[in-house]
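What follows is one structure encoded as structure tokens, with my remarks underneath.
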Amino acid sequence: MDIKERILKAIKSGKAANLTAAELFRFLKVTPDRKKLARKALDSLCAEGEIIMCGDGTYSTPAQAGAFYGTVLANPQGFAFIRPDSGDKDFFVPKRRLAEALDKDRVLAVPVKGTADEATVIKIVSHGRQTIVGRFEKDRRAGYVLPDDARFDSDIYIPLSLCGNAEPGDKVLCELTSFPKGKMVGGRILEVLGSDGDFDAEELGIIRSYDLRKEFPPEVEKAAEEVASRPIVADGRKDFRDLLTITIDGEDTRDIDDAISLERQGEDYVLGVHIADVSHYVRLNDAIDREAYKRGTSVYFPDRVLPMLPKALSNGACSLNEGEDRYAMSCVMVFDAQGKRKSYKIYRSIIRSDRRMTYNEVTAILDAEGAKDGEYPYIAPMLREMKELCLLLKANRRQAGEVSLDVKEAHIYVDEKGNIVIPDYERALSHEMIEQFMVSANEAVAEFAERRKAPFLYRIHERPSPEKANLFFSFLKDLGINVRLNPEETEPTDFQRILDLAEGKPYASVVNRVMLRSMQKARYSEDNLWHFGLASHCYCHFTSPIRRYPDLFVHRVLKKLIEGADGEAKKLYAPIAHEAGIDTSEKERIADAAERDVDDLYKVMYMSDRIGEEYDAVISGVISSGIFAELPNTIEGMIRADLLPDDEYEYVEEKMLLKGRRHSFRIGDSVRVKVVGCDFGTRRVQFSLV
């Protein structure tokens, strides 16, 4: 047996596990003349992954050390966390233990002995980024890219031959081509986006940094145009074209997924939710489908949309445009006079929307109490009945325990003159009406699939973790909201009661936001694990197949079930449901992050014309280096600690409090602020206290 085999056998047996190299060689009685050979064998076993060297210099097998695979989540300050592939506990990694791993790298790591949640990177399995956006600089020897993302802890070296037409000061997209140990990452310029600091270049830089694109491959565009041009025929579908049907959307909406209808049958309400039948045009594994799956979702910015489907489908053949015949999947539900669902049926259908309505138009009709009926004589009575049903459904969901969070979301748009507009946050009954009807249809469809035991994508929202729930309850206590709750077994009704206690108080919006942070993130899963926020035991996404891939997946399964082809549905979709749930959840996370970053850029641009202006605000966040304040239109700015009244401040994280001897700042406090600066690099507005 050679020295390499002896080392591996001794460590695997446990007799020589967790020893340093010197201790291991003594245990194996390695003579001085063979130590060089033994060291080479030890290094070879580490390179092959048979054994690993832990942070304390000892050797063991990966299993013996508790090694795990995970993803690096770097921090601009140099340290990082590793999110394991399994389990919900992240591990802290100081910079010295990162082994040159960079943000988003996949790594093998081991917990550090004697710590509860610290780890050491043992091996970089794969690099997580292929491209990065940054500012280009150049000297006589080479070019360099300084990344916009401060979490990526390396400048990129660009040989002069690979700089393309980039000039110093340009915002560029570069491909990462090499990761030499102890040296700068290497790369090449792929695209010049504009001048660094230019607004359009900054926005495009964000889009490219998330690897998002508007353009479709030519073959996908061609395929979409071909299927979109086919004539629409009834084709054995349920014909709802004579049924009064409307759509309600924002003024700038172009891809209309859903239409609604309502009839009265005695005391009952017959609600029709009619959804664009995208699956008629996009078949599983065709060119359009593969591209749609790659995108996962449409991404919406104030000045553009990056659609999941080509325009010929998203704005054309699939969009439920006014006065045009369209294929649909219709969920027709019957509710009694108390708003309780009595029955439902799902159809392959054909519809024709009678009127395209906007949220503002519907709100005006409902608020006018008949004064505007002359403009919409055949629609207004139906809208009032829809309002009745909406209020019944809302009351029933509240009784069931729905956590009705009122978290402010900025509505940013660019007007006809090119000006950025960010109105104060407002939520109308017309929005709630559509939400209630869509949620009702989503529940009915999910129940239908669950009863048939079909492979499916449910929309799930798990119970908050005990740790986060406990921190939230502690925060509430400091606000004066005393609730006796068990963090181990929180129920939706617990959170609903908290919202009731906070309603009308100055800190109500902050309680909503902190509550949201304490919750798990909703995701897609082939397993029905209920939806905590909606207090729903069976839920899915069915109502937006033009812009969300999970809805398209759901439609395909539904069609098979309606046809009675349950076996075929299982054969086609059971093998791909698990992976589809993971992939589409990740695509949604990326889209949300990109939309947030672009919104922040627009907010900074908007406030850059308002330097010196004063506003009422509420403290929305507290960190050791300052506080964040939010304006009524959702714009958030930071007040650095050195701009706060002179004091000796202590940051109390669990109480979300910056405490001084004479002054204290807590999340939820009202403040008056002045705009003192705008930082385009960090996309952050800077305030000072008035």
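The values are calculated or read from the model by the stated rules, or taken from the named source; none is laboratory data. These numbers come from a predicted model, not from an experiment. Please note: Cβ atoms are built from the backbone with ideal geometry, for glycine as well, and neighbour counts cover all protein chains shown.
Structural remarks
- Every residue from segment 490-516 that is within 26 Å of TYR458 (Cβ to Cβ), in contact (Cβ under 8 Å) with a residue 24 or more places away in the chain and either of a type outside the set (A, V, I, L, M, F, W, C) or crowded, with 18+ Cβ neighbours inside 10 Å (or both): THR490, GLU491, PRO492, THR493, PHE495, GLN496, ASN512, MET515
- Residues satisfying the stated conditions in segment 606-630, i.e. touching a helix residue (DSSP H, G or I) at 6+ places or on another chain (Cβ under 9 Å) and surrounded by 18 or more Cβ atoms within 10 Å (Cβ to Cβ): VAL618, ILE619, SER620, VAL622, GLY626, ILE627, GLU630
- Checklist (1) surrounded by 14 or more Cβ atoms within 10 Å (Cβ to Cβ); (2) over 11 Å from ALA328 (Cβ atoms); (3) in contact (Cβ under 8 Å) with a residue 40 or more places away in the chain; (4) charged (D, E, K, R) applied to GLU263, failing item: (3)
- For segment 631-656, residues that are surrounded by 19 or more Cβ atoms within 10 Å (Cβ to Cβ) and among the hydrophobic types (A, V, I, L, M, F, W, C) total 5.
- Looking across SER624, SER670, one residue alone is touching a Pro at 6+ places or on another chain (Cβ under 6 Å) and at pLDDT below 90. It is SER670.
- Filter result for GLY316 (under 27 Å from ILE546 (Cα atoms) and of a type outside the set (Lys, Arg)): yes
- Qualifying residues in segment 213-246 (those that are modelled with pLDDT under 95 and of a type in the set (A, V, I, L, M)) - the one nearest to the chain's Cα centre (by Cα): ILE232
- Once segment 51-89 is narrowed to residues that are crowded, with 17+ Cβ neighbours inside 10 Å, polar (S, T, N, Q) and touching a Lys or Arg at 6+ places or on another chain (Cβ under 7 Å), the residue that is farthest from THR120 (Cα to Cα) is THR61.
- Checking each residue in segment 588-600 for being surrounded by fewer than 20 Cβ atoms within 10 Å (Cβ to Cβ) and not acidic (Asp, Glu) picks out ARG589, ILE590, ALA593, ARG596.
- Criterion applied to SER430, SER440 was being touching a helix residue (DSSP H, G or I) at 6+ places or on another chain (Cβ under 6 Å) and not in a loop (DSSP other than H, G, I, E, B), and the one residue passing it is SER430.
- Qualifying positions in segment 178-219 - free of Cβ contacts under 8 Å to residues at least 40 places away in the same chain and in contact with a Lys or Arg (Cβ under 6 Å, 6 or more places away or on another chain): GLY194, ALA201
- Of all residues in segment 551-568, none are among the small types (Gly, Ala, Ser), buried (at least 16 other Cβ atoms within 10 Å of the Cβ), under 24 Å from ILE275 (Cβ atoms) and in the same structural domain as SER314 (by TED's automatic domain parsing).
- Extreme residue, modelled with the lowest pLDDT, among residues of segment 105-134 that are buried (at least 17 other Cβ atoms within 10 Å of the Cβ) and basic (Lys, Arg): LYS123
- Options LEU405, LEU457, LEU393, LEU479: the member that is surrounded by fewer than 19 Cβ atoms within 10 Å (Cβ to Cβ) and touching a helix residue (DSSP H, G or I) at 6+ places or on another chain (Cβ under 9 Å): LEU405
Conditions tested, residue by residue: (1) surrounded by 12 or more Cβ atoms within 10 Å (Cβ to Cβ); (2) among the polar types (S, T, N, Q); (3) not assigned by TED's automatic domain parsing to the domain that holds PRO310.
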site	(1), (2), (3)
GLU175	yes, no, yes
GLY182	no, no, yes
ARG188	yes, no, yes
ASP198	yes, no, yes
ARG241	yes, no, no
THR245	yes, yes, no
LEU271	yes, no, no
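- Scan of segment 17-42 for residues that are in contact with a strand residue (DSSP E or B) (Cβ under 6 Å, 6 or more places away or on another chain) and small (Gly, Ala, Ser), ordered by number: ALA17
- Taking the criterion of being touching a strand residue (DSSP E or B) at 6+ places or on another chain (Cβ under 8 Å) and touching a residue at least 60 places away in the same chain (Cβ under 8 Å), the residues of segment 616-638 that qualify are ALA617, VAL618, ILE619, SER620, GLU630, PRO632, ILE635.
- ALA150 being of a type in the set (Gly, Ala, Ser), crowded, with 16+ Cβ neighbours inside 10 Å and not in a strand (DSSP E or B): no
- Once segment 326-370 is narrowed to residues that are surrounded by fewer than 16 Cβ atoms within 10 Å (Cβ to Cβ), of a type outside the set (A, V, I, L, M) and not in a loop (DSSP other than H, G, I, E, B), the residue that is nearest to the chain's Cα centre (by Cα) is ASN360.
- Taken over segment 48-106, the criterion of being outside the structural domain of ILE11 (by TED's automatic domain parsing) and of a type in the set (Asp, Glu) is satisfied by ASP85, ASP88, ASP90, GLU100, ASP103, ASP105.
- Among the residues examined, SER585 does not qualify as at pLDDT below 95 and in contact with a strand residue (DSSP E or B) (Cβ under 8 Å, 6 or more places away or on another chain).
- Residue among ASP2, ASP33, ASP85 that alone is under 30 Å from GLY128 (Cβ atoms) and either among the charged types (D, E, K, R) or in contact (Cβ under 8 Å) with a residue 40 or more places away in the chain (or both): ASP85
- Qualifying residue in segment 429-445 (condition: farther than 22 Å from VAL362 by Cα and in contact with a Leu (Cβ under 7 Å, 6 or more places away or on another chain)): yes
- Within segment 224-239, residues that are over 15 Å from ARG283 (Cβ atoms) reach partners that are in a helix (DSSP H, G or I) with beta carbons closer than 7 Å, at six or more positions or on different chains, in the pairs GLU225/ALA312.
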